[in-house]
Amino acid sequence: MPVKVMIPSPLRPYAGKRDSAEFSARTVGEALGHLTTEFAELRKHLFTEDGKLRSFVNVYVNDEDIRYLAKENTPTKDGDTISIIPSIAGGLHLEASFRALRQAGVNAERKPSSLLVLASRIGI
Amino acid sequence: MATTTQPQTGAKPAASLSNEEILRYSRHLIMPEVGMEGQLKLKNAKVLLIGTGGLGAPLGLYLAAAGVGKLGLVDFDVVDFTNLQRQVTFGTSDVGKPKSEAARARLLNLNPDIQIQSFETQLTSANALELFKDFDVIVDGTDNFPTRYLVNDACILLGKPNVYGSIFRFEGQAAVFGMPDGPCYRCLYPEPPPPGLVPSCAEGGVLGVLPGIVGSIQAMETIKLILGRGDNLVGRLLLFDALGMRFRELKLRKNPNCPVCGTHPTIRKLIDYYEFCGVRGEEAPGPTVEVPEITPRELKARLDRGDELFILDVREPHEYQICNLKGHLLPLGELTRRVHELDSSREIVAHCRSGKRSAEAVDFLRKAGFRKILNLKGGILAWSDEVDPSVPKY
């Protein structure tokens with residue numbers, strides 16, 4: 001029985017819309033290596049250019065954070081579940097604010113311009 | 001292990017309930033876990049809600065109904081129609097009103113015996129400590145990273161519990177940070193994701209019930225903190241998957257090297273969180289690409305003239321169903337693979353909802369050798385505003 005990697009919804013678009021994938025792997029690093037080989041687009045979301053796990057992506061083996069185990073060298077055994085837990089912050093509210101602002105105009109002075117920049121930076 | 005949060009009041013704490021209050025809270029009073037003692041703790045408690053939106057709705061409603069004596073509501077936004085799908089504090093007649101005021105009116109109607117203070121302001125590094133200092137528990141119902149880190153750091157600096165909740169589409173997270181010996185949000189995520197790696201609007205959205213569930217979990221944790229009962233989500237991250245209808249739990253450890261709550265903290269005062277999150281104050285938007293544009297009115301004039309234009313819609317199929325300009329649907333994510341469907345000899349106008357995704361598409365196609373391609377400025381939203389109001393906005 002191989003290792004199961006759980007893919008969180010923000011990353012599913014880069015993983016063929018899959019919610020999990022199974023691989024034979026002896027370590028967490030191996031499993032993530034298989035995952036990003038199968039779904040190449042995931043790589044930049046999980047790893048920096050020099051191949052280190054990104055700091056806003058946490059990886060767990062079962063319910064333990066690998067930062068407190070052996071990081072990517074953490075051994076895995078058949079039946080283990082590896083979870084990728086990225087930070088999430090619902091984004092609709094900003095989008096709605098941005099739109100309300102544009103439509104109303106009257107509230108423009110209430111909204112700091114940085115929020116608008118934020119809104120546009122996150123792609124709305 | 002739960003920790004009782006003592007109210008930090010200047011005024012004398014309430015020592016009894018009126019007969020009306022006894023009737024109102026009778027279903028609490030007959031539970032030994034709450035009882036008169038617990039209800040008085042609730043009455044003397046002061047809770048600050050950051051955000052009165054999706055998470056803030058069940059939080060405000062349940063905490064007001066439970067008899068939390070003082071609720072602070074921080075929100076600078078106004079209610080709009082897109083909020084009503086999930087922000088159940090608000091009614092249709094509230095559209096256009098400031099959220100903090102509309103929520104205050106609704107909660108006072110629910111429970112006139114409590115005190116509700118609304119702060120129609122954006123939480124900033126300049127006002128956070130002052131706002132937080134009079135409250136016992138801070139509840140994070142925000143939806144953006146700068147505010148999330150700001151709330152976390154301010155709670156650590158002041159030694160206040162931070163009841164955290166977060167949602168995305170069908171998934172939610174909840175935890176209690178800022179307790180003595182417990183981890184904080186930065187122990188979990190030392191840094192936010194850069195804006196470019198945050199999912200775009202094509203992947204956004206949230207099922208309206210989800211914030212209802214996660215916000216209710218936050219309300220329960222807040223009440224347990226006040227009562228000093230039960231096991232709180234300290235050192236545990238609760239994950240909720242609504243599609244699979246599964247709750248999971250991960251261990252959260254306090255990071256001794258945490259920059260804010262570790263043994264040698266490097267953050268001793270609040271910082272510029274927009275800069276920290278890669279969102280610098282006054283700069284122009286970064287990743288937005290500069291591409292040739294056409295305004296909705298110009299496009300309309302050219303179509304009316306009978307110009308042969310190929311309309312390329314780079315949104316998702318479910319968006320096309322909401323409204324469309326009868327364009328050729330080719331989602332941005334599939335553009336690389338399906339670029340052969342397009343004829344580079346034709347004049348193309350690309351559009352999406354707001355103009356952002358189609359700008360990326362135009363940029364990509366120009367690099368791929370397309371020369372006669374324009375981006376519809378402001379997307380279908382601007383088309384609705386400037387040309388055809390019968391096209392719905394979403």
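The values are calculated or read from the model by the stated rules, or taken from the named source; none is laboratory data. A quick note: this is a predicted structure, and the numbers were derived from the prediction, not measured. Note: ideal-geometry Cβ built from the backbone for every residue, glycine included; neighbour counts use all protein chains shown.
Observations on the model:
Okay, residues lined up against (1) in contact with a Gly (Cβ under 7 Å, 6 or more places away or on another chain); (2) buried (at least 23 other Cβ atoms within 10 Å of the Cβ); (3) modelled with pLDDT of 95 or more:
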| position | (1), (2), (3) |
| --- | --- |
| B:Ala175 | no, yes, yes |
| B:Met179 | no, yes, yes |
| B:Pro183 | yes, yes, yes |
| B:Gly204 | yes, no, no |
| B:Gly208 | no, no, no |
| B:Ala219 | no, yes, yes |
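- Failed condition for A:Gly33, given (1) buried (at least 19 other Cβ atoms within 10 Å of the Cβ); (2) free of Cβ contacts under 8 Å to residues at least 12 places away in the same chain: (1)
- Picking from residues in the stretch B:121-169 that are among the aromatic types (Phe, Trp, Tyr) and in a helix (DSSP H, G or I), the one that is surrounded by the most Cβ atoms within 10 Å (Cβ to Cβ) is B:Phe145.
- Which numbered condition B:Val88 misses (of (1) over 20 Å from B:Lys46 (Cα atoms); (2) among the hydrophobic types (A, V, I, L, M, F, W, C); (3) outside any loop (DSSP other than H, G, I, E, B)): (3)
- Among the residues making up the stretch A:44-68, a single one is more than 8 Å from every other protein chain (Cβ to nearest Cβ), assigned to a loop (DSSP other than H, G, I, E, B) and surrounded by 12 or more Cβ atoms within 10 Å (Cβ to Cβ): A:Asn62.
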